[in-house]
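> I'd like to ask you about the structure that follows.
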2 protein chains.
Amino acid sequence: MHLVPAERAHRNTIDDHRVCDAIAGIGEPTRVAGWARRFGLLSEPGRLTLLLAVHAAGPISVTDLAIATGMSDTSVSQALRVLRTAGAVEAHRDGRVIRYRLSDPQVHDLLHRLSPCPATTSH
Amino acid sequence: MHLVPAERAHRNTIDDHRVCDAIAGIGEPTRVAGWARRFGLLSEPGRLTLLLAVHAAGPISVTDLAIATGMSDTSVSQALRVLRTAGAVEAHRDGRVIRYRLSDPQVHDLLHRLSPCPATTSH
DNA sequence: CCTATACCTGCGCAGTCTTGCAGATATGTG
DNA sequence: CACATATCTGCAAGACTGCGCAGGTATAGG
C-alpha cells in the first residue's frame, strides 16, 4: 500500500514498508493531538500528584488536596482550573466546599495503572 | 491512620479520611516525578507521533520517520535526541543509517494502549 | 450586617521548551 | 580523494508554563 502523501514522495525512503507501517500506526492527527494534550496534563508533578490524590480519595475539597499534597491553596486551585478546563476533573459545590472528582475515563484509566486504586467503591 | 505530616497538621481538614486516602494514593514522590517525566515525553505532538511511528514500524531510520511524519529531518533528530536521552528509545547504527526502537517498557505499554499494534512480531 | 472560611482569578516574573538555521560529523561510492 | 547521503549538534529567537502575590467572589454563622 502507498500511504505516503504525494508531497513527500520525492524523497528517498530507506525502508518503504516501515514508512507505511509508521504512517498506519500514527493514525488520525487529531486523535494524536488529543492524547498529547492529555499526557500534557499528567506531565507536571503537581497536577499528576493532584490527579492521583483525587483518584484515590474520590470527591475531595481544595483545602484537603492542599494539605495532602503540601501545595499552597493557590497552586492547587490553579492546577485544578487547568484540569477542569481540559475536562479531566469536574467540580461539585456543597455549601462553601467544592469537591473534585475525575471526569475523563481515559485519564482515569491511566491513573488506575499508576496506583492500583485499592478499595474504591466508585467503580 | 495519621498520614498527615506534622508541619501541615495545624491546618483544618474538611474530610480527614479523604486526606489520608489521598496521601496513600500519591505514594512515593520520586515515583510520581518519574511518571510525570514520562508523560512529558508523550505530551508533545511531534514526539508522540514519532513514538507511535517507531512503535508501529519497529527499527526505523530518521529519514523514514521524517517522511512518515512530515516533519523536517532536524526536528525528528532533535526530538529523538530528547527521547534517547530520556531512555525512551535507543539507536542502532547500520552503515550510515541509524534505526530507532523503543527501549522503555512503560512507554511501550502506554503506546500499546493508543494503537493496538496490529502484527508486530517484537513481542 | 459583619466576619470567617473556602475557593477563584488576574497579573507579572522567571525558568523551560520547541524550532529553525547553519554547520559539523560519519559512512558509503566512484 | 572528492562527493553525496544520513544524521547530529550549537545557538538564538520565540512561545509556553508554573508560581506567588494581591485581591475578588461565594457561602455559612452570629
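> Among the residues of region A:68-89, what is the count of those that are without any contact (Cβ under 8 Å) to a residue 24 or more places away in the chain and crowded, with 21+ Cβ neighbours inside 10 Å? Spell out how you get there, then give the answer.
So in region A:68-89, the residues without any contact (Cβ under 8 Å) to a residue 24 or more places away in the chain come out as A:68-70, A:72-74, A:77-78, A:81, A:84-85, A:87.
Subsequent filtering for residues that are crowded, with 21+ Cβ neighbours inside 10 Å retains A:68-69.
Number satisfying all stated conditions: 2.
> Another question, then. Do any helices (runs of 4 or more DSSP H) entirely within region B:1-91 hold 3 or more residues that are within 7 Å of chain A (Cβ to nearest Cβ), and if so, which?
On the way: elements: B:16-26, B:29-42, B:45-57, B:62-69, B:73-85.
Counting at least 3 such residues, we get B:16-26, B:29-42, B:45-57, B:62-69.
> Suppose we keep only residues that are of a type outside the set (Lys, Arg) and in contact (Cβ under 8 Å) with a residue 24 or more places away in the chain within region A:90-99. Which one would you say is farthest from A:Arg38 (Cα to Cα)? Outline the logic, then answer.
Let us first name the residues in region A:90-99 that are of a type outside the set (Lys, Arg), namely A:90-92, A:94-95, A:97-98.
Checking the rest, the ones that are also in contact (Cβ under 8 Å) with a residue 24 or more places away in the chain come to A:92, A:97-98.
Values: A:His92: 22, A:Val97: 27, A:Ile98: 24 Å.
Checked region A:90-99; the qualifying residue farthest from A:Arg38 (Cα to Cα) is A:Val97.
> Sticking with this one: Output the number of the condition that A:Asp94 fails; it satisfies all remaining conditions of (1) within 16 Å of DNA strand D (Cβ to nearest atom); (2) within 23 Å of B:Val54 (Cβ to Cβ).
In the conditions (1) within 16 Å of DNA strand D (Cβ to nearest atom); (2) within 23 Å of B:Val54 (Cβ to Cβ), A:Asp94 misses (2) alone.
> Among the numbered conditions (1) closer than 30 Å to A:Arg113 by Cα; (2) within 10 Å of DNA strand D (Cβ to nearest atom), tell me where B:Arg47 comes up short.
(2)
> Taking the condition in contact (Cβ under 8 Å) with a residue 40 or more places away in the chain, away from DNA strand D (no atom under 12 Å from the Cβ) and crowded, with 20+ Cβ neighbours inside 10 Å, does B:Leu52 pass? I'd like the intermediate steps shown before the answer.
Numbers: in contact (Cβ under 8 Å) with a residue 40 or more places away in the chain: yes; away from DNA strand D (no atom under 12 Å from the Cβ): yes; crowded, with 20+ Cβ neighbours inside 10 Å: yes.
Answer is yes for this residue.
Bear in mind these aren't lab numbers, they're just calculated from the coordinates by the rules spelled out. This structure is a prediction, so every number in the text was calculated from the model and none was measured. Backbone-built Cβ (ideal geometry, glycine too); neighbour counts: all protein chains shown.
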